[in-house]
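The values are calculated or read from the model by the stated rules, or taken from the named source; none is laboratory data. Nothing here was measured: the structure is a model prediction, and the numbers come from that model. Please note: Cβ atoms are built from the backbone with ideal geometry, for glycine as well, and neighbour counts cover all protein chains shown. The accessibility values were calculated without ligands, DNA or RNA, using every heavy atom of the protein model including side chains. Shrake-Rupley method; radii C 1.70, N 1.55, O 1.52, S 1.80 Å.
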Amino acid sequence: MPEMHILPIVALFVLSLVQCASADPRPEFALAVSVSGTSRVSLAASGATDAVAEINVAVQNYLIQSELQLLPDVAEIMANIANQFQTLGAAAVSAISALASDASGDIAGVFGVALDAVNAAIDFADDTLPGLRDPLVTLVGTALSDKLLDSFQHLGKGLQALLVSLTTLKSGAETAVAEAGSSNVPVNIVSRNLPRARVTELISALHLLKGTVPLLEYVVTSTMENIGLADDFMLQLDDKVDSIIGESSTLLLELNDFLDPLENTILNTLSSIGGELTNLVAEFGGLSNVATVSDAAALGTTLGDFKANLEDLATADPTISSVLDQLNVAFTDAYDIVDPLYYIYDSALVDALMTTLVANGNYAQYCFYKYKDFFFVLLDLIALEASECIAEEAERMEYYQRTVELMLTILFYDFVDISDDLAICERIDDADNLQECIAKFVSIYTDLEAAFGDKLTLLYQSLQHEIAASGNRLKICIRFSQSELSDTQVPLLLAKINECAMLGPYAEDD
């Protein structure tokens, strides 16, 4: 045979093999015989199954790290809706696949499973969904709830088409069995009661379901995407706030630039005084001549009381370090006046932006990207103005530090001559004169020790009063420096976000 005739024959043979290999098993619809034109049911069901499987992918294993309660509240609702319907949708398609390949003869049972599965999905959309959607209105308004309603109404087209098709096929199968007297129905009766067109309607309904599912999948996925954006934003905003007024923030470091030297001056000087008093007590213990006098014990007690004043100051409540820390607290409290930016989890301004985003309305991400960086810009401006307030307070506190240094220096004069004074008594040989010397110093040093203690108390009280005054000055300065922000810019930004949520790019220009 010429080569030109062999090639077409081989091609036809290969093509027939491919077609046989790719042909699906012919489904039976609970009949013992094949139903014409049904080879594509399993393929259509497979496509619908793949589409339905995507509905809840976005809600699986999501992780919310910020403390904004809105996010897990909405995410939980979306996960509940997506998971429930995905399960119901998958069950419906699976039941149809099983029905199409069933040859048991149990028409009522097998069709009943498929019809019940489709009805369960329809009932979920009609009866269960409203109760799941309602909390969303309270949380984020109507936009997301409306999208869910529309997506399920869209899905309903495919589900209703499946319901009608299955009902028609069931009726046809029952009629065919009734005519044949058994499930082993002759081909002509099958063709008359379950014509190819009816099977095509089922295939079309499966395709319609596949085509309507992506809208719900989009609503779920886009909402979870927005929740993720909101979560990232809250973490960034939290970090930004912490970088401004947190424990390691630049502004608090500026405060500590003058608080630390003041604290070091006080604590180091008091430590030096304590060391000298310890040496003084030790020297007194070495005065053997003085030790023979009856008033020596009283004198030793008085010298010990000098140091006891320092120990009392060290255990004061609050401690000196805690008193100084109160300025940091006062500084942080000063931001009560701009709480829409700093207390982000209780902020109407932050809530407006986050609600707009999570609500997944027409302009959700548009408005988010339009205004999100304004928050960081405003925080930078606030930090800049607050830094000026701190600089003014630093100048005042430098004067106070010099005052404290003078107050501490005076304390040395209260005991600096005691060692020399006692050395004079130590050299007296006459017992009466020695007794008189020690007695005189006991009287003088007792009064001096009391004055020494009073001055330490006054130093502590001065520190408390000055730190409190410094905190109030900072609050006043910050309040005035940021009055435009809190009284004008923040309310304006809040109004703009809300307007954008409704009108998007058609809102008035900023």
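Tell me, yes or no, whether region 484-503 has at least one residue that is crowded, with 16+ Cβ neighbours inside 10 Å, touching a Ser or Thr at 6+ places or on another chain (Cβ under 9 Å) and closer than 30 Å to SER288 by Cα. Looking for residues that are crowded, with 16+ Cβ neighbours inside 10 Å, touching a Ser or Thr at 6+ places or on another chain (Cβ under 9 Å) and closer than 30 Å to SER288 by Cα, one finds none in region 484-503, hence no. For region 432-442, what are the residues that are among the polar types (S, T, N, Q) and surrounded by fewer than 13 Cβ atoms within 10 Å (Cβ to Cβ)? Listed by number, the list holds a single entry, ASN433.
Any idea which of ALA90, ALA98, ALA51 is out of contact with any strand residue (DSSP E or B) (no Cβ under 9 Å at 6 or more places or on another chain), open to solvent by 50 Å² or more (accessible area, probe 1.4 Å) and either part of a helix (DSSP H, G or I) or not β-branched (Val, Ile, Thr) (or both)?
Details: ALA90 fails: open to solvent by 50 Å² or more (accessible area, probe 1.4 Å); ALA51 fails: open to solvent by 50 Å² or more (accessible area, probe 1.4 Å).
On inspection, the qualifying residue turns out to be ALA98.
Residues in region 408-416 include at least one that is open to solvent by less than 20 Å² (accessible area, probe 1.4 Å), touching a Ser or Thr at 6+ places or on another chain (Cβ under 6 Å) and under 30 Å from ILE476 (Cβ atoms). Looking across region 240-277, the residues that are under 20 Å from GLU385 (Cβ atoms), among the hydroxyl-bearing types (Ser, Thr, Tyr) and open to solvent by 20 Å² or more (accessible area, probe 1.4 Å) come down to SER243, THR250. Do we find that ALA143 is at pLDDT 95 or above, of a type in the set (Gly, Ala, Ser), surrounded by 15 or more Cβ atoms within 10 Å (Cβ to Cβ) and farther than 24 Å from GLY112 by Cα in this structure? It is true that ALA143 is at pLDDT 95 or above, of a type in the set (Gly, Ala, Ser), surrounded by 15 or more Cβ atoms within 10 Å (Cβ to Cβ) and farther than 24 Å from GLY112 by Cα. Looking across region 474-503 at every residue that is of a type in the set (Lys, Arg) and touching a helix residue (DSSP H, G or I) at 6+ places or on another chain (Cβ under 6 Å), the one that is nearest to ILE382 (Cα to Cα) is identified as ARG479.
Here LEU456, LEU422 are screened, and the one residue that is at pLDDT 95 or above, open to solvent by less than 20 Å² (accessible area, probe 1.4 Å) and either on the phi > 0 side of the Ramachandran plot or part of a helix (DSSP H, G or I) (or both) is LEU456.
If I filter region 113-121 for residues that are outside any helix (DSSP H, G or I), of a type in the set (A, V, I, L, M, F, W, C) and within 25 Å of GLY181 (Cβ to Cβ), do I get at least one hit?
Kept after step one, since they are outside any helix (DSSP H, G or I), are these residues of region 113-121: none.
No: zero hits.
Reported count of residues in region 159-199, each being open to solvent by less than 50 Å² (accessible area, probe 1.4 Å), at pLDDT 95 or above and of a type in the set (S, T, N, Q), is 2. One residue stands out in region 317-358 among those that are aliphatic (A, V, I, L, M) and open to solvent by 20 Å² or more (accessible area, probe 1.4 Å): the one that is nearest to the chain's Cα centre (by Cα), namely ALA348. Residues in region 108-138 that are buried (at least 17 other Cβ atoms within 10 Å of the Cβ) and over 20 Å from LEU206 (Cβ atoms): LEU129, LEU132, ARG133, LEU136.
Restricting ASN61, ASN83 to those that are open to solvent by 50 Å² or more (accessible area, probe 1.4 Å) and either in contact with a strand residue (DSSP E or B) (Cβ under 8 Å, 6 or more places away or on another chain) or part of a helix (DSSP H, G or I) (or both) reduces the list to ASN83. None of SER347, SER294 is at pLDDT below 95 and either closer than 30 Å to VAL140 by Cα or among the hydrophobic types (A, V, I, L, M, F, W, C) (or both) except SER347.
Beta carbons closer than 6 Å, at least 6 apart along the sequence or on distinct chains, pair a first residue in region 168-186 that is free of Cβ contacts under 8 Å to residues at least 40 places away in the same chain with a second that is open to solvent by less than 50 Å² (accessible area, probe 1.4 Å) and β-branched (Val, Ile, Thr) for GLU179/ILE189; ALA180/ILE189. For region 73-92, the set of residues classified as within 13 Å of ALA117 (Cβ to Cβ) and without any contact (Cβ under 8 Å) to a residue 24 or more places away in the chain consists of THR87 only.
Restricting attention to region 360-414, the residues that are closer than 22 Å to ILE344 by Cβ, among the basic types (Lys, Arg) and modelled with pLDDT under 95 total 0. Restricting GLN19, GLN69 to those that are more than 30 Å from ALA108 (Cα to Cα), modelled with pLDDT of 50 or more and open to solvent by 50 Å² or more (accessible area, probe 1.4 Å) reduces the list to GLN69. Just for region 440-473: of the residues that are touching a helix residue (DSSP H, G or I) at 6+ places or on another chain (Cβ under 6 Å) and among the aliphatic types (A, V, I, L, M), which one is nearest to GLU311 (Cα to Cα)? Checking each candidate, the answer is LEU456.
None of THR221, THR128, THR138, THR212 is closer than 28 Å to ILE77 by Cβ, among the polar types (S, T, N, Q), in contact with a His (Cβ under 6 Å, 6 or more places away or on another chain) and in a helix (DSSP H, G or I) except THR212.
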